[in-house]
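Following: one structure in structure tokens, then a few remarks.
Readers should treat all values here as calculations from the given coordinates under stated rules, not as data from a laboratory. Quantities reported herein were computed from a predicted structural model and do not represent experimental measurements. So basically every Cβ, Gly included, is an ideal-geometry build from the backbone, and we count neighbours across all protein chains shown.
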Amino acid sequence: MRLISTTFYRLLFSILAMMILSCNGLEVLATAPSGRTLVVYYSFTGNVRSIVNTLDEKINADVVEIQPAEEGLDYAANNYAIGSSLIAAIRNNPNDASSYPAIKDAGVDVEGYDNIIIATPLWWSQMAAPMQTFLFHNGHKMSDKNIALIVSSASSGIGGVVSDAKRLIPNGNFLEPNLWIKSSQVSNASSMTSQWLEQIIFPTITNDDTISVKVGDNTFYAILEDNATAQAFKELCPLTINMSELNGNEKYHYLDTTLPTHASCPGTINAGDIMLYGSSCVVVFYKTFTTTYSYTKIGHIVDSSQSLPQALGDGDVTVSFGHDETAISTIRVDEMSDNIYYTIDGRVVTNPGPGIYIHKGKKIKL
Ligand SMILES: Cc1cc2nc3c(=O)[nH]c(=O)nc-3n(C[C@H](O)[C@H](O)[C@H](O)COP(=O)(O)O)c2cc1C
């Protein structure tokens, strides 16, 4: 009798535990990250930079590159001697600021972001030293923020980098899984990042977030910020304006209307940024530099082929901002074949590389 009742209570307990767990499971079902996103990356030989370029086409994020203060060091020379000694110094004394190699001011305030994607190479099974420096100084400001990790290595597993991230951002809300892209897989980075964004249910851009930007024969697309200024600017489109050249890094135009503002100093201006200066001056930047001026960000022109500066040229230029779909309105339904892809400006591509295309009447990302 005692055995039966013990077994009964054990069974009852297991059923209750399962019910509680499954209820909790429902309650804690992952919710999609929302709010502002920062991608912060370091890249020595360019792999992580390529990965971040593919990511930048899919999400609405500010992107910041970490740069060592000392330029021109070859971390891989002499069997990775410099990289190895930098990692050893951190490993031996992780709580001492002097163990971390100096980096340039990244010009970013991480506190203004809800989601932070960290993309880094692996060095000697740890996080690359310059990225560790950035996180040593900023990780404590990332409490409760959503943290996502992308790591590239030649072959080593990324457990040590994940531990570094968790040590340097002790109170981060880490999104799972991490994304590991080996150097031999960088050519597949576009599909790997797409798949990963789905896994961490990260919001990707849609038609509603984009406008086309036409300069001469070149059509780019821009990802709009999620703010009232960008919405008001989108409502002005289609809009063709003559933009004046300034300082070898920007084109500007004063609208004859004002837009909502919430200006702040971004620290770093990135090539491709579309900004509002004051309440009516639209500025398109085609170089990356640091600034002390304040702007309200409207959006960012995606320019993975780096052709924006040439398209804008060095003088005044006419730029047309429009609704994305207008560029593809000439595609006929009978052209919606399985193997025909169109660029956003309606050109047919037979072997599409990574990017955004129209395929069978739908906008897709490869
Ligand atoms: C100093 C240094 C140490 C490295 N150590 C490792 C290692 O231990 N294991 C590994 O698989 N790859 C290692 N790598 C290779 C890089 O992780 C890999 O090539 C990565 O894709 C580089 O990214 P990047 O091109 O953005 O710098 C090392 C590279 C450097 C420069």
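What to note about this one:
- Modelled FRET efficiency - R0 22 Å, GLU176 with SER125, Cβ distances, 0.05 increments: 0.60
- In order through the range 93-99: 3J(HN,Hα) via Karplus (6.51 cos²θ - 1.76 cosθ + 1.60), integer Hz, x for Gly, Pro: 8, x, 9, 9, 4, 6, 6
- Long-range HN-HN contacts of TYR221 with modeled amide H, under 5 Å: VAL213, VAL302
- In this rough spin-label picture, where each label sits 7 Å from Cα along the Cβ direction, the SER85-ASN247 distance is 3.9 nm.
- 3J(HN,Hα) along the range 283-289: 10, 10, 9, 10, 9, 9, 7 Hz, from the Karplus curve 6.51 cos²θ - 1.76 cosθ + 1.60 with θ = phi - 60°, whole Hz, x for Gly and Pro.
- Cross-link check: pairs LYS214/LYS287; LYS145/LYS251; LYS145/LYS214 evaluated at a Cα-Cα cut-off of 26 Å; pairs beyond the cut-off: LYS145/LYS251; LYS145/LYS214.
- Globularity index of the range 52-171, i.e. its alpha-carbon radius of gyration over 2.2 N^0.38 Å: 1.04
- Database remark: amide H of VAL39 closer than 5 angstrom to the amide H of ASP62, VAL63, VAL64, ILE117 (H placed geometrically; neighbours at sequence offset of 5 or more, or on other chains; Pro and chain starts carry no H).
- Full-stretch length increase - ASN92, TYR254 - with 0.36 nm per residue and alpha-carbon distance subtracted: 52.7 nm
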